[in-house]
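First comes the structure, then the notes that go with it.
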Amino acid sequence: MSTRLGIIGGSGIYDMDGLEDADWVQVDTPWGPTSDRILTGTLDGQPMAFLPRHGRGHVHAPTDVPYRANIDALKRLGVTDVISVSACGSFREEMVPGDFVIVEQFIDRTFARQTSFFGSGCVAHISFAHPTCARLSKAAAEAGRAAGVTVHEGGTYLAMEGPQFSTYAESRLYREAFGADVIGMTNLPEAKLAREAELCYATVAMVTDYDCWHPGHDAVTVADVVRVLTSNAENARALVRRLPDLLGTRPEICPEGCDRALDHAILTAPAARDPALLARLDAVAGRVL
Ligand SMILES: CSC[C@H]1O[C@H](OP(=O)(O)O)[C@H](O)[C@@H]1O
Ligand SMILES: Nc1ncnc2[nH]cnc12
């Protein structure tokens, strides 16, 4: 099976160069407009789609990113594997600004977002114990190392609501009591929605700062984040350029089960399902509806 890679670019990553037949396309979804048009094209002969999460010009705050529309649109374009490239703060001395962390787990501290495609009229509960795809994460780690970046494989990403950064008390709580390794504002509910849409999902979290817990560093500011991201943008691009080679062929079925997440998830009896919601679920859940 061939892979169609989707890249969701976070803060500081609003475009992707090097695509052949590049075209910014509009994809209409039943969940409203996406963050921006989606850049489609091929990289080393492999089809690819790139979506800037905050939109070009950084117009969407973390709370207001249209996560459902974004994931639905990628699914509609035939994307199978989604890699999120995101900025994050570090809770670990050894996860240094400039390093990349390939996230394995999430803690969800968001509270003002639409976190599911499903709901009244079609209730579903996907398994989410292992929220990232190990196959895709391994490829991202390999691509990062090949690009010369220090890569940490595994780590827990705490997703906060924002847009304000954390207080000192929160930063210490997340680091010491929750055991989180990095912090950001966007990868949830994105990862949940990707799993509901049966897409493989991996997070490349680019460390930009030490949030505000570190006695030897000032509390994070946007200026710090942007400075590190600017000097890191080429590393992110180099990682992406190596992915087609590593992901050329895809196993017929995902060994992690990402592509069959809905097999036993829907609880609402067929006769009790809401036709209007089912219509909106055409791309995301069409395989099982
Ligand atoms: C620019 S600092 C805070 C901002 O950066 C991260 O964005 P993304 O995850 O899209 O790279 C963080 O989550 C906040 O949205
Ligand atoms: N310290 C931090 N907290 C939340 N989101 C971030 N994105 C980059 N650094 C961050």
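The table that follows gives values for the structure above.
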| read-out | value |
| --- | --- |
| Percent accessible area from carbon and sulfur atoms, the chain, protein chains only, probe 1.4 Å | 52 percent |
| For peptides 199-207, 7-15, sequence by mean Cβ density within 10 Å, most packed first | 199-207, 7-15 |
| Charge tally in the Cβ shell below 15 Å around residue 285, where Lys, Arg are +1 and Asp, Glu are -1, residue 285 excluded | +2 |
| Helix-derived mean residue ellipticity, 222 nm - over the chain, DSSP H n ≥ 4, -39500 (n - 2.57), to 500 | -7500 deg cm²/dmol |
| Share, in percent, of DSSP beta bridges within the chain that are antiparallel, nearest 5 | 35 percent |
| Summed side-chain charge close to residue 63 - residues other than residue 63 whose Cβ falls under 15 Å, Lys, Arg +1, Asp, Glu -1 | 0 |
| FRET efficiency, residue 116 to residue 272 (Cβ-Cβ, R0 22 Å, nearest 0.05) | 0.80 |
| Sum of side-chain charges, residue 175 neighbourhood, beta-carbon under 14 Å (Lys, Arg +1; Asp, Glu -1) | -4 |
| Gyration tensor (alpha-carbon) shape descriptor, the range 147-206, a/c threshold 1.5 | oblate |
| Separation of the residue 223 and residue 237 label points, Cα + 7 Å toward Cβ, nm | 2.6 nm |
| Under the Karplus curve 6.51 cos²θ - 1.76 cosθ + 1.60, θ = phi - 60°, whole-Hz ³J(HN,Hα) for the range 253-269, x wherever Gly or Pro sits | 10, 5, x, 7, x, 4, 7, 10, 4, 8, 3, 10, 9, 8, 9, 5, 4 |
| Protection proxy ranking, peptides 64-76, 44-56, average beta carbon neighbours within 10 Å, highest first | 64-76, 44-56 |
| For the chain: relative contact order, % (alpha-carbon pairs under 8 angstrom, 6 or more apart) | 25 percent |
| For the range 221-278 versus the range 171-208, the gap between their alpha-carbon centres in whole angstrom | 12 Å |
| Distance between the range 8-42 and the range 90-163 - C-alpha centres, whole angstrom | 21 Å |
| Cα-centre dipole for the range 84-285 with unit charges at Cβ (Lys and Arg positive, Asp and Glu negative), debye to 20 | 340 debye |
| Calculated FRET efficiency for the pair residue 279/residue 44, C-beta based, R₀ 35 Å, to 0.05 | 0.40 |
| Equivalent ellipsoid, the chain (semi-axes from 5 times Cα gyration tensor eigenvalues, Å) | 29, 23, 18 |
| Most mobile listed residue (136, 278, 43) in the chain, GNM with C-alpha springs under 10 Å | 278 |
| Which of 251, 229, 148, positive extreme of dipole for the chain (C-beta unit charges) | 251 |
| Approximate spin-label separation residue 153-residue 264, in nm, with each point projected 7 Å along Cα-to-Cβ | 2.9 nm |
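The values are calculated or read from the model by the stated rules, or taken from the named source; none is laboratory data. Nothing here was measured: the structure is a model prediction, and the numbers come from that model. Using ideal geometry, Cβ is built from the backbone for each residue, glycine included, and neighbour counts are taken over all protein chains shown. Calculation scope for accessible area: heavy atoms of the full protein, side chains included, ligands and nucleic acids excluded. Shrake-Rupley method; radii C 1.70, N 1.55, O 1.52, S 1.80 Å.
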